[in-house]
1. Computed FRET efficiency, Cβ-Cβ of residue 60 and residue 27, R0 35 Å: what is it to the nearest 0.05?
2. With a 1.4 Å probe and all protein chains left in place, how much accessible area per residue does the chain have, in Å²?
3. Taking the Cα atoms of the chain, report the difference between the largest and smallest coordinate on each principal axis, in whole Å and largest first.
4. Residues in the stretch 44-85, backbone N under 18 Å from the label point at residue 104 (7 Å along the Cα-to-beta-carbon vector): list them, ranges by number please.
5. Which cross-chain or sequence-distant (5 or more) residues have an amide H under 5 Å from the amide H of residue 99, H modelled 1.01 Å from N in plane?
6. How far apart, in nm, are the 7 Å Cα→Cβ label points at residue 128 and residue 46?
7. Apply the Karplus parameterisation 6.51 cos²θ - 1.76 cosθ + 1.60, with θ equal to phi minus 60°, to every residue of the stretch 120-126 and state each ³J(HN,Hα) to the nearest whole Hz, in sequence, with x for glycine and proline.
8. Cross-link candidates for residue 29: which lysines have Cα within less than 30 Å, leaving aside residues fewer than 8 places away along the same chain?
Amino acid sequence: MQLGYTILYVDDVPATLEAWEQAFGLTRKLLHESMLYAELDTGQTTLSFADRVFGREHFTDAPTRASFDGKPALFEIGLLTEDVGAAFAHAVANGMESINEPTEKPWGQIVSWVKDPNGILVEIATPMG
């Protein structure tokens, strides 16, 4: 078993795709002609965005459909880089909301957090060990 992709459900796929490209320097893999689905190349795992209403329509049970209403569930996407300070500053300068500035943790990792316009929490950190 391996993680193939992550899909984040958003209200505006093209705007989210553009925001993540600009803020994090990620490369667009796909923007479907319907504008309801997009992918970014992050290495081995694809990061995808899908329209919230489009995603909701995949499910018929009320509890799952209801999960598409409101803000995203509590989770974060972790992006790794050797230069957290520069990546954090670039992300904030390009529309991400600053949550925590880069800080060195007791275990030696440098971490920071931003939030995208959809409320998605993104950790920008150095690789572990």
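The values are calculated or read from the model by the stated rules, or taken from the named source; none is laboratory data. Computed from a predicted model, the values in this text were never measured in an experiment. Counting neighbours? That spans all protein chains shown, and the Cβs are built from the backbone with ideal geometry, glycine included. Accessible surface areas use protein heavy atoms only, side chains included; no ligands, DNA or RNA. Shrake-Rupley method; radii C 1.70, N 1.55, O 1.52, S 1.80 Å.
1. Working: r = 35 Å, r/R0 = 1.01.
Computed FRET efficiency for residue 60 and residue 27 comes out at 0.50.
2. So the chain comes to 61 Å² accessible per residue, rounded to a whole number.
3. Extents along the principal axes, in whole Å: 46, 32, 30.
4. What the label zone holds, given the 18 Å backbone N cut-off, is 81-85.
5. Distant-sequence amide H within range of residue 99: 113, 114, 115.
6. So the two model labels end up 2.7 nm from each other.
7. Result, rounded to whole Hz: 7, 7, 10, 8, 10, 8, 7.
8. 71, 115
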